[in-house]
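Take a look at the structure set out below.
What follows is calculated from the coordinates using simple rules that are stated; it is not laboratory data. As the structure is a computational prediction, the values presented were derived from the model and not from experiment. Note that each Cβ is placed from the backbone with ideal geometry, even for glycine, and that neighbours are counted across all protein chains shown.
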Amino acid sequence: MAGLFRKVYDWLMRTFWALEMEVTMVGLQNAGKTSLLRVLAGGEFTVDSIPTVGFNMKRVQRGHVTLKCWDIGGQPRFRTMWERYCRGVNAIVFIVDIADVELIPQAKDELHALLQFTSLENIPLLVLGNKSDLPQKLSVDELIDELDLKRIQGREVCCYGISAKEETNLDAVVSFLMKYATR
């Protein structure tokens, strides 16, 4: 009987209370955007992930919430597309490789350039310092300082250290995103 109740409950949730949201993941190349999306969607982490050419999209189901996630390439030629894919989304996720400290200033410049677009005003920003499993990395506090996140105004900004490889802190990521789900 409990199994039947669960099926009816799930059907009711999907039919009447289902929530869907769009999220765009951006960041420099090799930050781990595709790996994170693969893991969130229930797949496995792979070391030899192929760089995203253009974009990819996956749907991630969490309870009655569907996250439609856009993963936009981080190579310089694709960064001009970031703003277009961030328009009208429920949240922007900016992913940084916290073990590659030489690229942090470039990541900061790209993030702040992206947030200057008026079309993206008020959209919540989630900054993820990926590769927290590596020994030589920035802490979350160092990342906040290096990216000058405290200067960002007019939107909610949150920052977590994560590891797509070890699936560290991914529940916090999903919880943050689900706060912004709309019907």
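Remarks
- Lys108 sits among other residues whose Cβ lies under 11 Å from its own Cβ, and their net charge, with Lys and Arg +1 and Asp and Glu -1, is -4.
- In terms of its C-alpha gyration tensor, the stretch 128-172 comes out oblate, because a/c is 1.5 or above while a/b does not outweigh b/c.
- Residue order, fewest to most surrounding Cβ atoms within 10 angstrom, among Glu20, Glu102: Glu102, Glu20
- Binned Cα-Cα distance frequencies in the stretch 19-178 - 5 Å width, integer %: 2, 9, 20, 25, 23, 15, 5, 1, 0
- J(HN,Hα) series, the stretch 89-104, from Karplus relation 6.51 cos²θ - 1.76 cosθ + 1.60, nearest Hz, glycine and proline x: 7, 7, 7, 10, 10, 9, 10, 10, 7, 6, 9, 9, 5, 5, 8, 4
- Going by neighbour counts of Cβ atoms within 10 Å, the residues Val157, Val8 line up, fewest first, as Val8, Val157.
- Reach of Lys33 by Cα under 26 Å, taken over lysines that are not fewer than 8 positions away in the same chain: Lys58, Lys68, Lys108, Lys131, Lys137, Lys150, Lys165, Lys179
- For Val127, the residues whose amide H sits under 5 Å from its own are Phe94, Cys158, Cys159, Tyr160, ignoring neighbours fewer than 5 places away on the same chain, with H placed 1.01 Å from N.
- Global form of the stretch 104-183, assessed from the alpha-carbon gyration tensor, a/c cut-off 1.5: oblate
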